[in-house]
1. What length, rounded to one decimal in nm, is gained on full extension from R73 through to E58, with 0.36 nm per residue of separation minus their alpha-carbon distance?
2. How high is the FRET efficiency from R15 to A144, r the C-beta distance, R0 22 Å, rounded to 0.05?
3. Can you give me the C-alpha center-to-center distance between the stretch 93-159 and the stretch 1-66, rounded to a whole angstrom?
4. Which FRET efficiency value, to the nearest 0.05, is calculated for Q81 and R31 with the Förster distance at 30 angstrom and r the Cβ-Cβ distance?
5. If I stretch the segment between T119 and T98 completely, what's the gain in nm (0.36 nm per residue apart, minus their alpha carbon distance), one decimal?
6. Given the Cα-Cα distance of R185 and A224 and 0.36 nm per residue of separation, how much length would full extension add, in nm?
7. Which FRET efficiency value, to the nearest 0.05, do you get for D157 and Q127 by plugging their Cβ-Cβ distance into 1/(1 + (r/R0)^6) with R0 = 22 Å?
Amino acid sequence: MKAMILAAGRGERMRPLTDHRPKALLPVGGRPLIQRLVQALVGAGIHDLVVNLAHLGEQIAEALGDGGSLGARIAYSREAQALETAGGIANALPLLGTAPFIAVNADVCTDYDFSGLVTTARGLPRQGALAHLVLVPNPPHHPAGDFGLSGGRVTADGAVRHTFSGIGAYQPALFAGIAPGSRARLADLLYSGISQRQVTGELYPGYWQDVGTPERLAQADRRAAGG
């Protein structure tokens, strides 16, 4: 099983913190965000990782190297300009291979156990699904949510909506129509898949934080410092 960490974003809402350092290297509890994710993935038995790079990306490559010191094997997918989520994944498909894989945003802090997602990812073909999304209860900054969930399938609407965590499992076929180097949004692919009942999901009630602003970075740091 391979996993991709999406680390190419500019982090505009994090400025000025991201003017000279990529968001993925901002520290939480004394460790860079991306290091925390690498360690969580390795702890779940996922050692082959792909990291996409754009804004100040060589700092990330220098910090992580080949991943050996963290128990991982890291390959890098470099983008001249950030290609957005789906474009970045499509560009990295030659490194990800032909089997289902996991992808996670680099600005996520969570205690989610990725080991269960490995089993789910492997089962996507049997489920007739192209994607599996980890949803979370809506945080204060996103009260409307993104998707519904019914009978294990993600829906575009619903009486109760949840927030996409930035954690998911995918089949490469979901990205087959995107030319390498093209910008593309994941949401567009997901809505198409949802309309054909090809997206499954789960609701994770545990700790999850989107570290998208300096305020939420400080919240995550305080929580980490408190153990």
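1. Between R73 and E58, full extension yields an extra 3.7 nm.
2. 0.30
3. Cα centroid to Cα centroid, the span is 19 Å.
4. About 0.60, to the nearest 0.05.
5. Full extension of this stretch gives 5.9 nm more.
6. In short, 10.9 nm is gained.
7. E between D157 and Q127, to the nearest 0.05, is 0.55.
FYI, it's all coordinate maths here, none of it is from the lab. Just so you know, these numbers come straight off a predicted model, no measurement behind them. Glycine gets a Cβ as well: all are built from the backbone with ideal geometry, and neighbour counts include every protein chain shown.
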